[in-house]
1. How do the peptides 40-51, 89-100, 21-32, 58-69 rank, highest first, by the average count of neighbouring beta carbon atoms within 10 Å per residue?
2. Just tell me which lysines come within less than 24 Å, Cα to Cα, of Lys61; anything on the same chain fewer than 8 places away is out.
3. When each pair of different Cα atoms in the range 1-110 is counted once in the 1/r mean, what is the Kirkwood radius in angstroms, to one decimal?
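Every number in this text was worked out from the coordinates using simple rules, so none of it is lab data. Worth saying up front: this structure is predicted, and the values here are computed from it rather than measured. Counting neighbours? That spans all protein chains shown, and the Cβs are built from the backbone with ideal geometry, glycine included.
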Amino acid sequence: MYETHLTIVGTLITVVGKRRLPDGTTVVSFRVASNERRYDQATETWTDGDTLYVTVTCWRKLAENVHASLVVGDPIIVRGRLVSRSYDKDGRRHMVTEMQASAVGPDLARSTAVVSRTKRGDTPAASPSATDSDAALDAPVAAEFERDDPWGSESRESDRPSDGRDVEDRDAVVEARVAV
């Protein structure tokens, strides 16, 4: 009833571990480290504070996309809910608090990203679950978006303005893509 939702900004510190449950559901888990930064007025410098380590679990499509996209060291933002569970090991009861993610993405304040949309039924690798009927249903919708959406097609490096271009050049590139 009362769930604790939070957002963590940090760094991926472990390999994204992927597993499949007996029913075929994909699950991944990884750890995130979030460092506190404080400004020390006495020395007039930034210093590192304590580090929060959180285990994150992702399910289904999010799990597939995280596994295909992220590697150790990536700056990420994770949104989800905290869950607690307990288990017995060696005659002792242990309590674990983890985060079940509802969204994971790169921290664009510390990195850049190229976004690639997935279609319904697709997985980042070859999809054994996608059917021909799914593709048939998606084809008219995809064609409609590609016709009306100038950003719906794959971008080319030549379309991307370099860092040296000013705003007018970027607007010209956008207008050129819209005109196509």
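1. Highest to lowest by the protection proxy: 58-69, 21-32, 89-100, 40-51.
2. Result set, ordered by chain and number: Lys18, Lys119.
3. Result for the range 1-110, one decimal place: 15.5 Å.
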